[in-house]
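What follows is a short report on a single structure.
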Amino acid sequence: GLPTGVTATTSGNTVTISGTPSANFSYTISTVNGCGSVTLNGSVSISSNATLTLDSGNNNQNICSGNPITPIQYTFGGGATSVNVTGLPTGVTATTSGNTVTISGTPSANFSYTISTVNGCGSVTLNGSVSISSNATLTLDSGNNNQNVCSGNPIAPIQYTFGGGATSVNVTGLPTGVTATTSGNTVTIS
């Protein structure tokens, strides 16, 4: 009952079965000669290699503060019977349904996580991270943003400051003769 790649060798009165099988197998070993016959059986089962794949969602996300992450889904299989997920902060959870793991929630800080298969042959580990950007800010610093001027007179300059996650601003609706200029994170309408 030994498959290709597996052999039985005898040295003195010791029988050794060894090798690398490519499929499950059962075998029988029986004594020869002597009074009576003794038979023993055995079997070898081959476990599949563990698998872990990213199915949907981006495992390296950049989100705005207070927003939930886009759910991240992994599928495990092969010989893997479950997974361990480590590094998730408060507000983010990993839930398993069948062989699908979904990471979701609203984090309050940047984090990196690791997901690893359990059981099966070998272990597969994947990583991911989520970065949180500050919410954009825009404040009126000086000037009146609701002015009434006489025809032909200039408006009093109006200054805004942007910050947080904002890297620039767009100003629309200005008529000919009125411009918006940016210096650093200050915008001046004049």
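Worth a mention:
- In segment 58-72, of all residues being of a type outside the set (S, T, N, Q) and over 8 Å from the mean Cα position of the chain (by Cα), the one that is nearest to S131 (Cα to Cα) corresponds to I63.
- When segment 168-186 is filtered for residues that are surrounded by 14 or more Cβ atoms within 10 Å (Cβ to Cβ) and of a type in the set (G, A, S), only A180 remains.
- Residue pairs whose Cβ atoms lie under 8 Å apart, separated by 6 or more positions or on different chains, with the first residue in segment 1-16 and in contact (Cβ under 8 Å) with a residue 24 or more places away in the chain and the second part of a strand (DSSP E or B) and open to solvent by 70 Å² or more (accessible area, probe 1.4 Å), are G1/S26; G1/T28.
- Remark: pairs (first residue in segment 143-159, within 14 Å of T188 (Cα to Cα); second residue among the acidic types (D, E) and open to solvent by 70 Å² or more (accessible area, probe 1.4 Å); Cβ separation under 7 Å; 6+ apart in sequence or on different chains) = Q159/D141.
- Spans of strands (runs of 3 or more DSSP E) in segment 26-128 with at least 1 residues open to solvent by 50 Å² or more (accessible area, probe 1.4 Å) and not charged (D, E, K, R): 39-44, 51-56, 60-64, 72-77, 82-86, 92-97, 111-118
- Hey, T90 within 20 Å of I63 (Cβ to Cβ) and free of Cβ contacts under 8 Å to residues at least 24 places away in the same chain or not: yes
- When the test is whether a residue is open to solvent by 40 Å² or more (accessible area, probe 1.4 Å), touching an Asp or Glu at 6+ places or on another chain (Cβ under 6 Å) and over 30 Å from T53 (Cα atoms), Q147 does not pass it.
- Complete set of residues in segment 124-137 that are over 10 Å from the mean Cα position of the chain (by Cα) and within 23 Å of S56 (Cβ to Cβ): V124, T125, S131, I132, S133
- Identity of the residue in segment 129-142, among the hydrophobic types (A, V, I, L, M, F, W, C), in contact (Cβ under 8 Å) with a residue 24 or more places away in the chain and in a strand (DSSP E or B), that ends up least open to solvent (accessible area, probe 1.4 Å): V130
- Test result for T188, closer than 24 Å to G57 by Cα and in a strand (DSSP E or B): no
- Test for G165: is it surrounded by 13 or more Cβ atoms within 10 Å (Cβ to Cβ), assigned to a loop (DSSP other than H, G, I, E, B) and of a type outside the set (K, R): yes
- Residue in segment 165-188 that is of a type in the set (S, T, N, Q) and under 30 Å from S47 (Cβ atoms) present: no
- Check on S151, among the polar types (S, T, N, Q) and in a strand (DSSP E or B): no
The values are calculated or read from the model by the stated rules, or taken from the named source; none is laboratory data. It should be emphasised that the depicted structure is a prediction, and the values quoted were computed from it without experimental measurement. All Cβ positions, even for glycine, are placed from backbone atoms using ideal geometry, and neighbour counts span all protein chains on display. In case anyone asks, the SASA skips ligands and DNA or RNA and just uses the protein heavy atoms, side chains included. Shrake-Rupley method; radii C 1.70, N 1.55, O 1.52, S 1.80 Å.
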